[in-house]
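Okay, so here's the structure we're looking at.
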Protein chains: 2
Amino acid sequence: MATLDQKITRKERERQEREEKILELARTMLREVGYLGLSMDRIAAEMEYSKGTIYQHFCNKEEIILALANEALEKRLEMFEAAATWSGAETSRDRMAAIGAAAEEFVERYPQHFSVEQIVRSSSIWEKTSEERRQFMQVCEGRCMAIVSGVVREALAQGDLELPAGRSVEDLVFGLWSLNFGAYTIITSSEALEEIGIADPIAALRQSQNFMLDGYRWRPLSSEHDFNETFDQVKREVFGNG
Amino acid sequence: MATLDQKITRKERERQEREEKILELARTMLREVGYLGLSMDRIAAEMEYSKGTIYQHFCNKEEIILALANEALEKRLEMFEAAATWSGAETSRDRMAAIGAAAEEFVERYPQHFSVEQIVRSSSIWEKTSEERRQFMQVCEGRCMAIVSGVVREALAQGDLELPAGRSVEDLVFGLWSLNFGAYTIITSSEALEEIGIADPIAALRQSQNFMLDGYRWRPLSSEHDFNETFDQVKREVFGNG
DNA sequence: TCAAAAAGTGACGACTTGTCAATAATGGAG
DNA sequence: CTCCATTATTGACAAGTCGTCACTTTTTGA
């Protein structure tokens, strides 16, 4: 019985290892030749397995892409969690800034992860993928939202922030989310940003974010505290980025 | 000589008409079956021309996509211009709000145009397309920026706004751009926005925008003036949207 | 040892995009 | 009106996709 169990797990382990290898290959392929260049034939050839075997792991190309996107979301969730529980935060707005720093770090450290997210959002991959994986994605997205919402709620509870009539916590989070997602998308896809006068888009993003929260009157305001310093501190202390 | 000229122009006119028809077909195709479903074969079949002829107009699929994207940019530029010269603006911030309304109207009225823009930004179409068309795109983008920047500069000149140290006009514009682009991307690609607590994303976007500009201390602040009313007014008066 | 079950294979059909020799239409010149 | 050069149009073709499934090989447990 023990040997049987062991053999099952060995098989299972091999399967998982192979799956990981497929994803690894797909990741680098995606980075080097883009979504359209990603080919099942080539994956099979480089894996030295037949196509049929690859299709036993992922029933189509889109499933692979979505699996990569899910990895990305998981990674970011992890980073957001680390930022939200940062011990160096003195105020609720510090904590919010920490999450901003996490978002920044995520894109810088895993640009290909971010680009997968973009692909999933623009190409109509959805229809072809399994319900299961789609759901996983929504769960991740929801949990990410929940972390940020949690910080906002903390601010409300502590009296650092009051929402205007008719606005929900999620509306604020949506604003931040949009700003960040849009900024990174433009940054990674516009070649000549400098030419049209945007020398340091990351700094511009930080500023916009700060001013948006200032607009919400989330205290301390950016005029009362240097959140740029907080950003850099988080990137050093939490993510070990000197 | 007259007849010769006429014949040349007749030929040329026919060519252009056909080109327009190709783009029209591609547009609807893109809307109905997405980027991946857009097929040169099908375009040729539906045009009742051979593939070779289609390829004489656009030397690859990506050129068609980019041509559509350029149409979109032109359209938006037009709408931005209309908004920026709106006669009903009482303050510089009114004028800025008018542009926000134009952006909103653009996405609502031409959703497929917006989706083309997203496709161009995420898929790596760039490499395959002609320098000419790429340049056109950048010019449009630059002119769009220039319109918005113009309004910001007007505000600076009139003393309605002062920029913080180290920030340029373009940084502010970049913030607005990111916020809008990000928000519309998320809106059009996230199915279950309501489920995660974002009931009215457009309202949330307006709010975020207003608060961001409040953060910049662009007077009158949103607490001193109802810009929601301005948005709706512009959509009625400039774009005839009741 | 051996048969049944599981795993792996790759030729295949149906689709792409983009090319290019061959064919058809056109437009002056005589 | 004829005729030929130029230009426009064609569609078979090469080379590449994706996903399938009858087949072969390996594994497994009795």
Select from A:Tyr55, A:Ala69, A:Ile187 the residue farthest towards the positive end of the dipole of the protein assembly as shown; place +1 on Cβ of Lys and Arg, -1 on Cβ of Asp and Glu, and compute about the Cα centre. A:Tyr55
Among chain A residues, which Cβ is nearest the axis of the A-onto-B rotation, and at how many Å? A:Gly182, 1
Give the angle, between 0 and 90 degrees and rounded to the nearest 10, that separates the Cα long axis of helix A:131-158 from the longest principal axis of the Cα atoms of chain A. 20 degrees
Counting pairs on different chains as well as pairs 8 or more places apart, how many Lys pairs in chain A have Cα atoms under 28 Å apart? 16
For A:Trp126, go 7 angstrom from Cα along the Cα-to-Cβ vector, then report the distances to that same point in the other copies in nm, smallest first. 2.7
Which ³J(HN,Hα) values, rounded to whole Hz and listed in residue order, are derived for region B:71-77 from phi using the Karplus coefficients 6.51, -1.76 and 1.60 in 6.51 cos²θ - 1.76 cosθ + 1.60 with θ = phi - 60°, glycine and proline given as x? 4, 4, 4, 4, 4, 5, 3
Under 20 Å from the 7 Å Cα→Cβ point of B:Met40, by amide nitrogen: which residues of region B:115-156? B:120, B:123-134
Please give me the summed charge of the neighbours of A:Ala155: other residues whose Cβ is under 12 Å from its Cβ, Lys and Arg +1, Asp and Glu -1. +1
Carbon/sulfur fraction of accessible area - chain A, other protein chains in place, 1.4 Å, %: 48 percent
Within a Cβ distance under 9 Å of A:Cys140, other residues only, what is the Lys/Arg minus Asp/Glu net charge? 0
What is the dipole size for the protein assembly as shown, taken about its Cα centre, with +1 at each Lys and Arg Cβ and -1 at each Asp and Glu Cβ, in debye to the nearest 20? 1080 debye
If I fit a long axis through the Cα atoms of helix B:92-109 and take the longest principal axis of the Cα atoms of chain B, what angle between them do I get, 0 to 90°, rounded to 10? 40 degrees
What number comes out for accessible area per residue over chain B if the probe is 1.4 Å? Units Å², please. 46 Å²
If labels are modelled 7 Å from Cα along the Cβ direction, B:Glu19 lies from its partners in the other copies at nm distances, smallest first, of 5.1
What nm distances, shortest first, do you get from the label point of B:Leu36 to those in the other copies when the point sits 7 angstrom along Cα to Cβ? 1.4
B:Glu48 versus A:Gln56, label points 7 Å from Cα toward the beta carbon: distance in nm? 5.2 nm
Angle in degrees between helix A:201-215 and the longest Cα principal axis of chain A, rounded to the nearest 10: 50 degrees
Looking at B:Ser122, B:Gln158, B:Trp177, which one has the Cα that reaches farthest to the positive end of the dipole of chain B (charges on Cβ: Lys, Arg +1; Asp, Glu -1)? B:Ser122
Over both sides of the B-A contact, add up the buried accessible area with a 1.4 Å probe and give it to the nearest 100 Å². 4200 Å²
Using only alpha-carbon positions, what ratio does the radius of gyration of chain B give when scaled by 2.2 N^0.38 Å? 1.19
For region B:63-136, size of Cβ-based charge dipole, Lys and Arg +1, Asp and Glu -1, in debye: 160 debye
Is there a quick way to get the dipole size of region A:1-57? I mean about its Cα centre, with the Cβ of Lys and Arg at +1 and of Asp and Glu at -1; what is the value in debye to the nearest 20? 100 debye
Mean residue ellipticity at 222 nm from the helices of chain B, using -39,500 (n - 2.57) per DSSP H segment of n ≥ 4 over the full residue count, to the nearest 500 deg cm²/dmol? -25000 deg cm²/dmol
Sorted list, accessible surface of protein heavy atoms, 1.4 Å probe, largest first, for A:Lys11, A:Lys51 is A:Lys11, A:Lys51
Cβ-Cβ cut-off under 13 Å around B:Ser190, Lys and Arg +1, Asp and Glu -1: the net charge is -4
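The values are calculated or read from the model by the stated rules, or taken from the named source; none is laboratory data. Keep in mind the model is a prediction, meaning the values are calculated, not measured. Note that each Cβ is placed from the backbone with ideal geometry, even for glycine, and that neighbours are counted across all protein chains shown. Just the protein is used for accessible areas: all its heavy atoms, side chains included, with ligands, DNA and RNA removed. Shrake-Rupley method; radii C 1.70, N 1.55, O 1.52, S 1.80 Å.
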